[in-house]
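Please treat every number below as a calculation from the coordinates, not as lab data. In this text, all values refer to a predicted model and were calculated from it rather than measured experimentally.
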Amino acid sequence: MTNDPVPLDEKIASSSSASLAGKYLTFLLGKEVYGLEILKVQEIIGLMNVTPVPRTPAFIRGVINLRGKVIPVIDLRRKFNMDSREDTDRTCIIVVQVTGSGSLITMGIIVDEVSEVIDIKADQIEPPPSFGSIVDTDFILAIGKIAQKVVMLLDVDKVLTMNELRAMQSVTE
């Protein structure tokens, strides 16, 4: 009886997939489906009046007053260099907590439509594809394969760079 050893890269991918398994809030940007770890999501709110802040990056839509707390809001379409689109009655803000420079930052992410909460198992998760050093894909946690669709699982802590997070913090100070 021979035991074929499992190659090291498969072991690493398998253990990584197991740690990524869990519940994800899925949402749409255009026809693409994205997912955020449910534990990072604080709440989902309908689109409300966003006050623009001058001299901020184009992807920062502005700030909102959420129950007395001013939080910055980013437009994920703009951040991902997607074509802009008119807001609809399905456009909403996902309020998330991001870890940046040692502290928690509460911010809103504008998305086209929130879909559902799904449970993704380890065998449905693959590592993100590599596009070489030209394309920054650090914010893609993994790829989920659910039925016939692909879900980009985002690492919300890495969607913004450290400099962008500092800019976000300065907007609310």
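Quick look at the values:
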{"quantity": "Once the Cα gyration tensor of the range 42-139 is diagonalised, semi-axes √(5λ) in Å", "calculated": "25, 18, 16"}
{"quantity": "Value of relative contact order over the range 8-172, rounded to a whole percent, pairs C-alpha under 8 Å and six or more apart", "calculated": "28 percent"}
{"quantity": "Candidate lysines for bridging to residue 121, where Cα separation is under 19 Å - those fewer than 8 sequence places away on the same chain excluded", "calculated": "11, 23, 40, 145, 149"}
{"quantity": "Where Rh is the Kirkwood radius over Cα pairs, Rg/Rh for the range 8-172", "calculated": "0.97"}
